[in-house]
1. Send over the per residue convex hull volume for the protein assembly as shown, Cα only, as a whole number of Å³.
2. Per residue of segment B:355-362, in order, report the coupling 6.51 cos²θ - 1.76 cosθ + 1.60 (Karplus, θ = phi - 60°) as ³J(HN,Hα) in whole Hz, putting x for Gly and Pro.
3. Evaluated at 20 °C with a viscosity of 1.002 mPa s, what Stokes-Einstein diffusion coefficient in µm²/s does chain B have when Rh comes from the Kirkwood expression over alpha-carbon pairs?
4. Counting pairs of Cα atoms in segment B:232-273, how many percent are more than 15 Å apart?
5. Which stretch or stretches of segment B:34-67 have amide N atoms under 14 Å from the point lying 7 Å from B:T286's Cα along the Cα→Cβ direction?
6. Would you mind getting me the FRET efficiency between B:E145 and B:R18? Use the beta-carbon distance for r and R0 = 41 Å, nearest 0.05.
7. For segment B:66-204, take every pair of Cα atoms, bin their distances at 5 Å starting from 0, and report each bin as a whole percent.
8. In segment A:58-154, which trypsin sites (Lys or Arg not before Pro) are in a loop and have at most 16 other Cβ atoms within 10 Å, using DSSP for the loop call?
Amino acid sequence: MNDDLRDLYQEVILDHGRHPRNRRIIEDANHHAHGENPLCGDKLMVFLKVNAAGVIDDVSFEGKGCAISTASASLMTEVVVGKTQKQAEDLFAAFHALTTGGEPPVLPEDLEDDFDRLCVLAGVRDYPVRVKCATLAWHTLEAAMHDAQKVTTE
Amino acid sequence: MIITKAEAGHVYDIDRVRADFPILARPVRGRPLVYLDNSASAQKPQVVIDAESFVYETEYANINRGLYYLSERATERYEASRRTVQHFINAKHSREVIFTRNTTESINLVAASYGRRFLQPGDEIIISGLEHHSNIVPWQLLRDERGIVIKVVPVADNGEVSAEAVAALLGPRTKLVSVAHVSNVLGTILPVADIIRQAHAVGAKVLIDGAQAVMHLPVDVQELDADFYAFSSHKIYGPTGVGVLYGKEELLNAMPPYQGGGDMIHTVTFEKSTWAELPAKFEAGTPAIAQVAALATAIDYVSKLGLAAIAAHEADLLAYATQSLQEIPGLRIFGTVPHKAAVVSFALESAHPHDIAQVLDNSGVAIRAGHHCAQPLMERFDVPALARASFGLYNTRAEVDALVAAVRKVEELFGQ
């Protein structure tokens with residue numbers, strides 16, 4: 001195994017890829033959306049339970065994809081639970097910049113630890129094709145929050 | 001040096017063949033390139049690269065118009081290439097060979113021109129379950145416009161599409177059968193001669209999508225009695241941007257033009273235009289002049305090696321790859337008919353095809369991972385995607401070993 005591959009497939013990614021957290025259906029979800037990456041055929045669903053105060057009480061995903069997309073979805077569910085939708089969007093903006101090599105927005109201090117957890121996926125920015133794998137769950141989350149039914153990474 | 005004794009009795013000198021392809025000498029990610037994505041597109045021998053340059057350096061001008069030396073030379077070369085294609089697939093006349101952009105455009109041409117002119121609402125088109133999107137979507141566009149019916153021949157678990165399965169769908173309303181000669185995913189070689197005979201018996205025409213066939217096996221359109229046969233230059237070691245549509249003369253003559261423009265007309269007035277004769281009728285606008293010329297060089301190259309020798313070499317690689325990959329626990333091969341082209345699609349229990357391709361790329365091994373423009377086939381086998389290694393005339397057993405070693409590395413990384 002050489003270093004390039006290790007940078008991409010860090011232990012945390014392999015672990016979340018093998019044992020994804022929150023891969024389940026939320027029966028009483030009040031938001032959900034389908035996501036699709038037409039390039040590779042990966043499909044996933046994101047379920048959300050958002051309370052009256054706009055806080056994400058529960059979040060989950062369904063679907064089978066590559067290690068990168070599964071790990072990204074799994075990590076996403078872990079960091080956005082308990083956050084407001086605005087905070088989830090801030091994290092997505094920062095994550096998007098991280099994976100595409102863009103200028104990262106300044107995050108409020110209380111989101112820094114969560115963002116740090118997502119940084120294991122930074123390796124995808126060297127592999128343009130894999131950026132979509134990493135961001136599919138987040139695009140789908142955003143679609144669910146805005147009640148868009150379907151999103152593709154195309 | 002590996003030398004395969006080919007059926008034809010030639011000695012297949014793989015080292016010399018490889019030396020003809022400059023790209024094979026370049027390292028990728030610090031390792032020797034192992035190029036196993038030949039079904040997507042094949043690499044080019046130096047003679048093909050040179051042939052394209054030669055046109056631009058010495059004989060380039062637009063064709064079919066200039067009354068001057070360069071245009072005459074370019075036109076001559078372009079038409080010589082048409083005759084090379086004619087002989088390669090054994091068409092009766094060179095005017096039955098239409099140059100298009102690629103296989104996709106060739107199929108779209110038939111759908112748009114033949115389909116719109118001759119198909120009525122309720123008429124049936126038969127395709128198979130293993131078709132590439134380019135042999136599905138043009139018919140769906142036609143269906144949505146004309147109200148035709150598309151019937152799909154089921155694919156067996158081993159990847160077979162039998163002549164019997166096709167026959168079961170043939171009926172009095174069948175007007176066209178359009179199937180692949182070789183599956184781009186499973187490698188299955190379809191019994192196209194039988195399919196054509198049966199289809200003709202009910203009065204249907206047959207289009208064969210030969211994109212994955214012409215580089216692997218000899219094709220004789222007259223012997224097959226194919227009505228249309230489509231393929232691309234870039235998969236047979238020629239340039240991109242050129243496709244071929246073979247059509248029987250009487251069919252092509254009866255069909256309206258596909259696109260309007262220069263070169264395809266006889267006379268034009270603002271009231272009415274009349275069409276040029278074949279093949280110009282279907283070649284509107286300036287074509288890929290240098291690329292068409294270089295396609296002839298690619299065909300000559302392949303013919304000189306001999307398709308029988310190439311087929312024997314690739315059959316050896318296929319058998320070796322199949323056997324070696326099968327030894328990996330948790331690996332499943334899709335497409336297991338005995339009679340197939342050198343394509344091995346597979347899945348691992350422990351890793352998604354995307355991850356497989358990524359790790360392989362890191363070892364310098366280029367394979368395709370995804371749905372291979374055959375989403376219905378992925379559904380059929382209940383997989384989101386597959387990894388595919390496809391072999392060409394320059395691949396070696398050592399490269400199969402590199403593939404297998406890299407797949408074992410995937411297993412190491414992702415397996416429990």
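The numbers here are math on the coordinates, done by the rules we state, and not lab data. This one's a predicted model, so the numbers in the text were calculated from it and none came from an experiment. In this analysis, Cβ positions are derived from the backbone assuming ideal geometry, glycine residues included, and neighbour counts consider all displayed protein chains.
1. Details: hull volume 108.8 nm³, N = 570.
Dividing the Cα hull volume of the protein assembly as shown by its residue count gives 191 Å³.
2. Here the 3J(HN,Hα) series is 5, 4, 4, 5, 5, 5, 4, 5 Hz.
3. Approximately 96 µm²/s, per Stokes-Einstein.
4. Everything past 15 Å amounts to 63 percent.
5. B:56, B:60-66
6. About 0.30, to the nearest 0.05.
7. Spelled out per bin, shortest first, that is 2, 9, 16, 17, 19, 15, 9, 5, 4, 3, 1, 0.
8. A:K64
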